[in-house]
Amino acid sequence: MSSKLKSSLVVHRLAADLGLRLSSDPVRAIMSHCHRAVKGFLVDYPDCPSPAKLLAFLANKLSTRIVEIHTQDELHRIIEEYTNRGERAFATLEQELADNESYGITIKLHNCDVWEPTYASVIDCRGRKQQRSYHTKWHELGHLLILTDQTRLAFRRTHDPNQPKSAEESLVDTIAGEFSFYPPMIQPLTRGEISFEKIARIRTELCPEASLYSSVLNAAKLWPTPCIWIEAKLARKKSEGDNGQQSFGFREAPHAVLRAVHITTNDAARQLEITMIPNFRVPSQSVIHRVFYNDLQYAEEEENLAMWQSSDGTRLADCWVRVKAKRIGDSVHALIIPG
């Protein structure tokens with residue numbers, strides 16, 4: 001968990017508003033609060049079999065209607081349905097979702113019958129947004145799980161890569177990641193050595209709407225045996241910025257190289273004190289490099305982490321691992337398994 005998020009004043013204030021005990025780790029306290037709430041709801045559905053079923057069940061418990069938008073015509077029908085009922089917030093829904101980085105919005109309703117949901121969670125599933133729709137649904141439920149200010153009328157899920165996320169949005173993303181792969185339902189299937197095949201089976205059986213990306217990330221975190229997940233793609237050093245030109249517009253931008261842009265170490269690997277360094281350049285000897293540049297779909301190899309070395313001489317620990325590398329879109333996902 002990001003130390004920045006733990007120290008956020010917004011997160012500390014939210015924990016206080018939820019009536020949680022003062023803590024140096026308000027994120028953990030809020031996550032525990034959410035787990036207690038979900039367990040309380042599940043008393044009414046003790047045999048809930050999967051996160052996919054849990055999603056629909058919690059939407060009902062949290063009094064929201066999940067509305068999926070797949071076409072422009074569907075969007076117009078939903079706008080007409082709710083504006084005809086006097087829900088004026090829907091009048092600007094098309095503009096709200098026009099941004100390519102706006103994925104969903106939850107709106108509080110003011111003209112619903114007592115038996116109807118209090119909220120409507122509109123999920124934009126058009127085009128490439130479909131890939132994130134499962135996470136977006138959980139993101140909207142995450143907002144409702146920690147709702148404390150009843151005067152708020154709407155919540156929006158956005159992901160602008162040029163702007164840092166707010167503390168609350170980052171927290172809700174953490175909640176969404178946790179419950180979209182609800183550990184008590186996923187962990188019984190995490191047996192033996194982790195593999196992409198086992199992750200695909202979990203995804204198919206328990207959360208088929210989830211993207212392959214999020215399935216690999218979340219399953220790796222939950223696996224009981226040591227594993228480090230990385231996503232490798234073309235990137236520059238952070239000091240070079242997005243365009244690599246810094247303050248001199250006439251300088252030629254440095255070339256992007258294959259780097260470990262995202263890393264997640266599960267608890268078992270963390271106990272072994274095996275670490276990877278974010279944005280480290282992937283060595284040319286690694287199977288990850290070979291899968292990316294040879295356009296392979298999958299390969300695996302025994303490797304020593306000591307081959308990972310930065311330009312300043314920093315080197316990873318002398319440790320033999322098995323690396324399973326799989327191409328997903330424009331990046332390579334790798335499961336690094338200590339021997």
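The values are calculated or read from the model by the stated rules, or taken from the named source; none is laboratory data. Bear in mind that the values here come from a model prediction, so they are computed numbers and not experimental data. Glycine gets a Cβ as well: all are built from the backbone with ideal geometry, and neighbour counts include every protein chain shown.
Within the stretch 109-118, can one find any residue that is outside any loop (DSSP other than H, G, I, E, B) and assigned by TED's automatic domain parsing to the domain that holds LEU147?
Scanning the stretch 109-118, I find no residue that is outside any loop (DSSP other than H, G, I, E, B) and assigned by TED's automatic domain parsing to the domain that holds LEU147, so the answer is no.
Specify the residue that is modelled with the lowest pLDDT; the eligible residues are those in the stretch 294-326 that are polar (S, T, N, Q) and assigned to a strand (DSSP E or B).
Looking at residues that are polar (S, T, N, Q) and assigned to a strand (DSSP E or B), I get GLN309.
Does TRP115 count as closer than 21 Å to SER215 by Cβ and either over 17 Å from the mean Cα position of the chain (by Cα) or surrounded by 18 or more Cβ atoms within 10 Å (Cβ to Cβ) (or both)?
No, not satisfied.
Report every pair of residues separated by at least 6 positions or lying on different chains whose Cβ atoms are under 7 Å apart, first residue within the stretch 183-202 and free of Cβ contacts under 8 Å to residues at least 40 places away in the same chain and closer than 25 Å to VAL38 by Cβ, second aromatic (Phe, Trp, Tyr) and surrounded by 12 or more Cβ atoms within 10 Å (Cβ to Cβ).
Correct list of pairs: THR190/TRP223.
Which members of the stretch 306-332 meet the condition of being under 24 Å from ILE199 (Cα atoms) and among the aliphatic types (A, V, I, L, M)?
Correct list: VAL321, VAL323, ALA325, ILE328, VAL332.
Only residues that are touching a residue at least 40 places away in the same chain (Cβ under 8 Å), surrounded by fewer than 14 Cβ atoms within 10 Å (Cβ to Cβ) and more than 23 Å from the chain's Cα centre (by Cα): list them for the stretch 64-110, please.
THR71, GLN72
When you scan the stretch 1-95 for helices (runs of 4 or more DSSP H) that lie fully inside it, which ones turn up with 2 or more residues that are touching a strand residue (DSSP E or B) at 6+ places or on another chain (Cβ under 9 Å) and of a type outside the set (D, E, K, R)?
51-61, 72-83
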